1. Using R₀ = 41 Å, calculate the FRET efficiency as 1/(1 + (r/R₀)^6) where r is the Cβ-Cβ separation of Phe129 and Val57; round to 0.05.
2. Calculate the length of the line joining the C-alpha centroid of the stretch 295-341 to that of the stretch 150-170, in whole Å.
3. Could you tell me which of the pairs Lys144/Lys198; Lys37/Lys209; Lys28/Lys198; Lys198/Lys226; Lys28/Lys111 are separated by over 29 angstrom between their Cα atoms in the structure shown?
4. State the extension gain, in nm to one decimal, for the chain segment bounded by Ser186 and Glu216, taking 0.36 nm per residue of separation less the distance between their alpha-carbons.
Amino acid sequence: MGIFDKLKHEFIDIIDWTDSSGDTLVWKFPRYENEIKMNAKLTVRESQQAVFLNEGVIADVYQPGMYTLTTQNMPILATLRGWKYGFESPFKADVFFISTRQFVDQRWGTKNPITLSDERFGMIELRAFGSFSYRVTDGGKFIKEIAGTDGRYTTEDINGQLRSLIMTKFSNAVGSGNIPIEKFASNLEDLSSLVQEKLNQDFESYGLKITKFLIENVSMPEELKKEIFDYSRLNKIDMQKLSQFRTTQSIETAAANEGIGGAGIGLGVGLGMGNMVANNFNQAQQGLNTPPPPPQPLQFFIAVNGQQTGPFGAEQMAQMAQSGSLTRETQVWKAGMSAWTQAGAVAELASVFSTIPPPPPPVG
C-alpha cells in the first residue's frame, strides 16, 4: 500500500451516535468546520434517522443502516452542490441524528379548568390529567417544523408545546364526543381514543405520532357531582316507596321533638309531604294507564279507467268484490302506501277475496 493510499484511508471519517441520555430527540454530529470526507462511513442505528443539511436546506435523510458516503448515495446533496461527476474532496454539511424510539409516560394535565356548555347542566368546569407516548416518524419534517438547528433537542424542549396542543384537542373532543357528562368516568377509554385520533391529525404535519394517549381522571366541582348524582337517580327511584320512606322519617323526627305541639306539627308536615309526593306519583300513573285512541278504519282508493274513486271502507270493498267490480288485479291505494298496488297483493284485502270462488272451468 502506498503512502497516499494510507493517508487517504486515514482521512475516512466515521459518523454515528450512541445515546445514553434517554430524553434526547435530536443531536447534531460535531465536526470541525462541518467538513466531512468523501467515503466516510455513516452508521444509523435502529430507532434513529440521520438528516443532512446543506447551507440550511434539508438534503438527504437516511434510515437505519450503514452507508459509505459518495455522490451516488447522496442524490439530493449531489444535486444541490451541482456535482455532475464523482468528487473526492471534503464537503461541508450539518448532520443531525433523530431518535425515533417511543418516549413513554409523558404527563399532561389541565393548569386551569376547561369550561364547557351542557344542555342539561349549563356551564360546567372540568379538570383532567393523564399520560401520553409519542415518537418521531419523519426526521426531516421534525427538524423543519419543530427542532430547527439546535445542537441538542430534548423532550423537555417540546413537551410544553405538545401539552398545549393536547389541551386544545381535549377540549374539542369533550365538546364533540357526544358522551354525556355523567358518563365521563365510565367512558375514559373511548374519550382517550377520540383525543388521540384528533391529535394525530395535527401531529403528522410535524413528523410526530402519538402512540398512546390516556385520560386517567376527569374531575368536576363537588356541587356539580351532587347534581349529576341526583339526576342519575331520577329514573331509578320508586316514587311510592320514596314517599313512604320520607313520611316515616318525618314521623320519627316529630316523635323525637319535645312537646306535643312540636310532635303534631312534625307529624302534619311529614304526612303532607308524603301525600304530595304520592299524589304526584298517582297522577303520573293515571297518565300511563289512559288507553290510546281507537284505530282508524281502513280507507282505500280505487283506480277505474285511469280515474281515482273512493275512499271505500272494508265493507264496501267486500261488496264490490262480490259484484265483480273489484278484482285481484284492480289497482288500489291507501295512506302509508308508496304506490298503487294490485288489490290481491294487499294483506288487508286478503279476507275480501277469500270467499269469492275462482272462475268456472270452460265448457267441453
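1. 0.50
2. If you average the Cα positions of each part, the centres end up 74 Å apart.
3. Lys37/Lys209; Lys28/Lys198; Lys198/Lys226; Lys28/Lys111
4. Contour length minus the Cα-Cα distance gives 9.7 nm.
A short reminder: the numbers here are calculations on the coordinates, not readings from a lab. Note that the coordinates shown come from a computational prediction; the quantities given were computed from them, not determined experimentally. Cβ: placed from backbone, ideal geometry, glycine included. Neighbour counts: every protein chain shown.
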